[in-house]
Amino acid sequence: MPAFQQRTDVRFASGDAMCAAWHYPGSNGGCVIMAGGTAVTRGPAGDRFAARFNAAGFAVLVFDHRRFGASGGTPRQIVRFDEQVADWHAAIAYAATLPDVDPDRICVWGFSLAGGHVFRVAADQPRLAGAIAQTPLVDARAVAPHALRAMTPLALVRLLGLGVADLLGGLLGRPPLLVPTAGPRGAVASLTTPDSTDADRALDPDGRHPEWERTVAARIALQIGGYRPGRHAARIRCPLLVVVCDQDLSALPGPALGAAREAPRAEVVRLPGRHYAPFLESHEQAVEAQLGFLQRHLIDRERA
């Protein structure tokens, strides 16, 4: 039976919400915990990589952050960085209780915004056996000028106006004002860099995830610039694999390479292509590098 068909629906508590996840049972004791960036839910975030990790014997736990996908939490489609990081800690605690998982052989995996979360989580979880950050957003302040140049002035003004209205409306208990997570230049969207619109063909090329809502509360436009998880790199004690794409126009390669230099046990894999290349033309290279990392740090260390 293909690994994709073996997964089971599970839930774990995080704060006042229940996070939904898929558990792919493994056979070697290792476990990879996965989540996607911004509004990317467990299906499009995990399908391609989870199946490959599981086929190699690793248990996989792919979850939705609270307020997104099948997880609980209201209001919906709101990114709160500290909440999402707390969801990661809850996922690690839950994975450690699974019968097929050795608590000392857990690795976290995230891309884009969740790749940034990986830096914070790994810094606070010294027991982790490894961490993988794929095209991670490690310093939104450094990325912001580039992202702003990708927007038209009118679209930027409208986005910021919606952000203010959304933030104030939230204080009054109103529903979030939603914007698309990505769009072409001129669109009023969270991100309009040239490679941001690669998401659909990278993450859901066959339209298998009609439930995936590609929107986010507009207030993220006011908050994202202060998010700099790469500053935690020096505190990461576990092996860290940073996957960087040289033509990444969304997270940019430079900040990730800089953060990797600060992490004591970091390994860097540089791939050709843009932000979503690890799901597209560089997929096999990305999978091979990540499986090699998992084998070395979750399995072979037990034999040394």
Vicinal HN-Hα couplings computed from phi for the range 104-114 (Karplus, 6.51 cos²θ - 1.76 cosθ + 1.60; Hz; Gly/Pro x): 8, 10, 10, 10, 9, 9, x, 10, 6, 4, 5
With a 1.4 Å probe and all protein chains left in place, how much of the accessible area of the range 187-290 comes from carbon and sulfur atoms, in whole percent? 49
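Regarding the range 43-202, what is the average projected area of its C-alpha convex hull, in nm²? Display every interim value, and only then the final one.
Working: hull surface 42.1 nm².
About 10.5 nm², averaged over all directions.
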Can you list the trypsin sites (Lys or Arg not before Pro) in the range 114-198 that are in a DSSP coil and have 14 or fewer other beta carbons within 10 angstrom? 127
Charges on Cβ only, +1 for Lys and Arg, -1 for Asp and Glu, centred on the Cα centroid of the range 1-55; of 33, 49, 19, which one is farthest towards the dipole's positive end? 49
Quick one: angle between helix 283-294 and the longest Cα principal axis of the chain, in degrees between 0 and 90, rounded to 10, please. 50
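Please give the per residue accessible area of the chain, computed with a probe of 1.4 Å over protein heavy atoms only, in Å².
Details: 12150 Å² over 304 residues.
Solvent-accessible surface per residue comes out at 40 Å².
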Using alpha carbon positions and the Kirkwood radius, the Rg to Rh ratio of the range 173-304 is 1.03
Within the set 117, 209, 89, GNM on the chain using Cα springs under 10 Å gives the largest fluctuation to 209
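What do you get for trypsin sites (Lys or Arg not before Pro) in the range 208-304 restricted to DSSP loop and a cutoff of at most 15 other Cβ within 10 Å of the site's Cβ?
On the way: sites: 208, 214, 219, 231, 235, 237, 261, 265, 270, 274, 296, 301, 303; in loops: 208, 214, 219, 237, 265, 274.
Of the trypsin sites (Lys or Arg not before Pro), the ones in loops of the range 208-304 whose Cβ has at most 15 other Cβ atoms within 10 Å are 208, 237, 265.
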Once the principal axes of the Cα atoms of the chain are found, what is the range along each, listed largest first in whole angstroms? 59, 38, 37
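Report, as a whole number in µm² per second, the diffusion coefficient that Stokes-Einstein gives for the range 1-138 at 25 °C and 0.890 mPa s using the Kirkwood radius over alpha carbon pairs. Show your work: numbers first, answer last.
Details: Rh = 14.4 Å.
The estimated diffusion coefficient comes to 170 µm²/s.
How large, in percent, is the carbon and sulfur part of the accessible surface of the range 77-166 at a probe radius of 1.4 Å?
Details: 1940 of 3090 Å².
Answer for the range 77-166: carbon and sulfur cover 63 percent of the accessible area.
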Measure out, as a whole number of angstrom, how far apart the alpha-carbon centroids of the range 236-275 and the range 14-48 sit. 22
Calculated log₁₀ intensity ratio I(q)/I(0) where the Debye formula runs over C-alpha points of the range 87-181, q = 0.11, 0.19, 0.24 Å⁻¹: -0.53, -0.95, -1.14
For residue 191, list long-range residues whose amide hydrogen, built 1.01 Å from N in the peptide plane, is under 5 Å from its own amide hydrogen. 182, 183
Enter the angle in degrees (range 0 to 90, nearest 10) between the Cα long axis of helix 42-55 and the first principal axis of the Cα atoms of the chain, meaning the one along which they spread out most. 20
Amide H within-cut-off set for residue 33, under 5 Å, with H built and near neighbours excluded: 61, 107, 108, 109
Using the Karplus curve 6.51 cos²θ - 1.76 cosθ + 1.60 with θ = phi - 60°, work out ³J(HN,Hα) for each residue of the range 172-177 in order, rounded to whole Hz, and write x for Gly and Pro. 9, x, 7, x, x, 8
Expressed as an acute angle from 0 to 90° and rounded to the nearest 10, what is the orientation of the C-alpha long axis of helix 81-95 relative to the principal long axis of the chain? 20
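Please report the antiparallel percentage of the DSSP beta bridges confined to the chain, to the nearest 5. The partial results should precede the final answer.
Details: 14 of 39 bridges.
Among the beta bridges of the chain, antiparallel pairing accounts for roughly 35 percent.
The values are calculated or read from the model by the stated rules, or taken from the named source; none is laboratory data. Predicted model only: the values in this text are computed from it and were never measured. For neighbour counting, all protein chains shown are included, and Cβ atoms are generated from backbone atoms with ideal geometry for every residue, glycine included. The protein model used for the area step is the full one, side chains on, heavy atoms only, and it has no ligands, DNA or RNA in it. Shrake-Rupley method; radii C 1.70, N 1.55, O 1.52, S 1.80 Å.
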